[in-house]
1. Which of the numbered conditions does H159 fail, given that it passes all the others? Conditions: (1) under 19 Å from the mean Cα position of the chain (by Cα); (2) not in a helix (DSSP H, G or I).
2. Within segment 27-45, does at least one residue satisfy the condition of being at pLDDT below 90, open to solvent by 70 Å² or more (accessible area, probe 1.4 Å) and either farther than 24 Å from V139 by Cβ or within 22 Å of the chain's Cα centre (by Cα) (or both)?
3. Just checking, does segment 49-58 include any residue being open to solvent by 20 Å² or more (accessible area, probe 1.4 Å), of a type in the set (A, V, I, L, M) and either in contact with a Gly (Cβ under 9 Å, 6 or more places away or on another chain) or within 21 Å of A182 (Cβ to Cβ) (or both)?
4. If I filter segment 170-184 down to residues being part of a loop (DSSP other than H, G, I, E, B) and either touching a Gly at 6+ places or on another chain (Cβ under 7 Å) or open to solvent by 80 Å² or more (accessible area, probe 1.4 Å) (or both), which single residue comes out as nearest to V116 (Cα to Cα)?
5. So which residues in segment 176-195 are in contact with a Leu (Cβ under 8 Å, 6 or more places away or on another chain) and either farther than 18 Å from S136 by Cα or basic (K, R) (or both), if there are any at all?
6. Within segment 99-150, how many residues turn out to be open to solvent by less than 50 Å² (accessible area, probe 1.4 Å), in contact with a Phe, Trp or Tyr (Cβ under 9 Å, 6 or more places away or on another chain) and not in a helix (DSSP H, G or I)?
7. Give the residues of segment 185-198 that are at negative phi and either open to solvent by 20 Å² or more (accessible area, probe 1.4 Å) or assigned to a loop (DSSP other than H, G, I, E, B) (or both), sorted by residue number.
8. Could you check segment 65-89 and list, in sequence order, the residues that are part of a helix (DSSP H, G or I) and either open to solvent by 40 Å² or more (accessible area, probe 1.4 Å) or without any contact (Cβ under 8 Å) to a residue 24 or more places away in the chain (or both)?
Amino acid sequence: MPIIPLDCPGCGEPAALQDKRCKCCGRELVISTFNSVMNRPDVELQNSARRYQKALRDNPDTPELQSSLAYCFLKLRLFDRARAAFEKAMEEDFDASDNYFWAAVCLMQGKRPFLVSRELIDRALKYLEIASSIESKGVYRLFKSFILYDHFERKGLNHSPSYREELLAAKASGYPSADVEAFLSCFNDALTLPDALR
């Protein structure tokens, strides 16, 4: 793998993607989870996004950079840009299940599933199926259960599997509350899980 130059998003010192952490300030160079950006200020995320975009100009096929950029955009609630970056990362690394999961979250555009078009719901469900086939995480099944409940059950529409079946599978796999908090933070109006999903 070639050395990919990347300025540190924290202090601006020259570094390389392969370093993982800045040798000067110790900052994480590559954002690998949404949870790691949850408490970062917007100005820091904007700065990080600019640095990732700069590095991507010369290295557009680097899935780690695409995912890092996508996490910044998602936290900044730039859903279309985040989804596009996650999808670009998927093209280069189709085995990274979290890219599919977070792309599904982006498709909701901050709205609860009840308010999202059927076309976007179907795309989100497809991404969640792919994510679950790569890696069995309870939070993937929980999000799918939430979509099935809020978009189908509340509208009186049939869907197989039902939200109850997905919820049982999610509970069997388990899911950290921090992961649930992370994906719910991407929705408007301080969304919480409905009682039916607890």
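1. Going through the list (1) under 19 Å from the mean Cα position of the chain (by Cα); (2) not in a helix (DSSP H, G or I), H159 breaks only (1).
2. yes
3. Looking for residues that are open to solvent by 20 Å² or more (accessible area, probe 1.4 Å), of a type in the set (A, V, I, L, M) and either in contact with a Gly (Cβ under 9 Å, 6 or more places away or on another chain) or within 21 Å of A182 (Cβ to Cβ) (or both), one finds none in segment 49-58, hence no.
4. Going residue by residue through segment 170-184, those that are part of a loop (DSSP other than H, G, I, E, B) are 174-176.
Retained after the next criterion (residues that are either touching a Gly at 6+ places or on another chain (Cβ under 7 Å) or open to solvent by 80 Å² or more (accessible area, probe 1.4 Å) (or both)): 174-175.
On the way: G174: 27, Y175: 25 Å.
Once the filter is applied, the top-ranked residue is Y175.
5. Taking segment 176-195 and keeping what is in contact with a Leu (Cβ under 8 Å, 6 or more places away or on another chain), we get 180, 184, 186, 191-193.
Scanning segment 176-195 gives L184, C186, L191, T192, L193.
6. Looking only at that region, the number is 2.
7. S185, C186, F187, N188, L191, T192, L193, P194, D195, A196, R198
8. Filtering segment 65-89 for residues part of a helix (DSSP H, G or I) gives 65-75, 79-89.
Within segment 65-89, L69, K75, D80, R81, R83, A84, A85, F86, E87, K88 meet the criteria.
The values are calculated or read from the model by the stated rules, or taken from the named source; none is laboratory data. Just so you know, these numbers come straight off a predicted model, no measurement behind them. Cβ sites come from the backbone with ideal geometry, for glycine too, and all protein chains shown count toward neighbours. What goes into the accessible areas is simple: the full protein's heavy atoms, side chains included, and nothing from ligands, DNA or RNA. Shrake-Rupley method; radii C 1.70, N 1.55, O 1.52, S 1.80 Å.
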